[in-house]
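> After the structure tokens below, expect a handful of questions from me.
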Amino acid sequence: MHANLFKPALLTSLILLAACSEEPYSPIVDGRKSANFQQDLGACRTVAQKAQLSNQSTTAGAVVGGLVGAADADDGDELEGAIAGAVVGGLLGRASGNEELDERRERIVFNCMRDRGHRVVG
């Protein structure tokens, strides 16, 4: 990977990471939402955010992505290519791990809302 390829690859990675950030999960309800739906949703989101979820998958994704990216260096400018590959691979690996954490938090919100009597279907 040459110096002139490093910046576009990093920019692409950052754009992909930004695209991954989306609105907080809002459950789909079968029928009408009750009067306390928003209050319960806020409480359930707080529970999900405070949950002590392991970020091992995030860390592992960043490390593996960085190692794979570094290993994919061009022979011409090996050190620069390894650094660029590690940065790009690490960012993408971390994004993948963060996505897993977000999915686990969504499940917590889903189950919490069901436990509070809402007819959540998705």
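All of the numbers you see were taken from the coordinates with simple rules; none came from a lab. Just so it is clear, the structure is predicted and the values come from calculations on it, not from any experiment. With ideal geometry, Cβ positions are generated from the backbone for all residues, glycine too; neighbour counts draw on all protein chains shown.
> To the nearest 0.05, what FRET efficiency results for Glu100 and Val29 with a Förster distance of 30 Å applied to their C-beta separation?
Computed FRET efficiency for Glu100 and Val29 comes out at 0.75.
> Starting with the fewest neighbours, write out Lys33, Lys50 ranked by other beta-carbon atoms found within 10 Å of each beta-carbon.
Listed from fewest to most nearby Cβ atoms, that is Lys50, Lys33.
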